[in-house]
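Presented below is the structure to which this report refers.
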């Protein structure tokens, strides 16, 4: 009779364990993300209070709090490389000609990059060689284009 009572108890215990393990994995992942976000917030906050950022303390603390809130709501994501390039290419839309061509080259990563966000901005620079038309000497231009014909001066 004792074994009859133990068997259902063991089955119930195993069932609860399996259900707990199933639901526990997703809550563990969410918990780990929250813990990571909160750890990041604490680090950002410490940097703000120590003056280790490029912005004033009030703005820094506000941004750190907004970042934590976005992470908790799962609104914080890092764009993929393809998304970054697509966004950079959109900035070239209003341009035309050589300006657009140079802008698209910078969007693709051509050229040099200097500076930092903390330092005030990132400068992306590339050089484009543009051929200069060869000037035509004035003597070979027709008189109407060069002005009045020169008069010979005698010595």
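The values are calculated or read from the model by the stated rules, or taken from the named source; none is laboratory data. Keep in mind it's a predicted model, so treat the numbers as computed, not measured. So basically every Cβ, Gly included, is an ideal-geometry build from the backbone, and we count neighbours across all protein chains shown.
Can you name the number of the only condition in (1) modelled with pLDDT of 75 or more; (2) touching a helix residue (DSSP H, G or I) at 6+ places or on another chain (Cβ under 7 Å) that residue 146 fails?
It fails just one condition, (1).
Quick check, is residue 95 part of a loop (DSSP other than H, G, I, E, B) and modelled with pLDDT under 85? Spell out the reasoning first.
On the way: part of a loop (DSSP other than H, G, I, E, B): yes; modelled with pLDDT under 85: no.
No: the conditions fail for residue 95.
Out of curiosity, is residue 66 at pLDDT below 80 and either part of a helix (DSSP H, G or I) or assigned by TED's automatic domain parsing to the domain that holds residue 43 (or both)? Spell out the reasoning first.
Details: at pLDDT below 80: no; either part of a helix (DSSP H, G or I) or assigned by TED's automatic domain parsing to the domain that holds residue 43 (or both): yes.
No.
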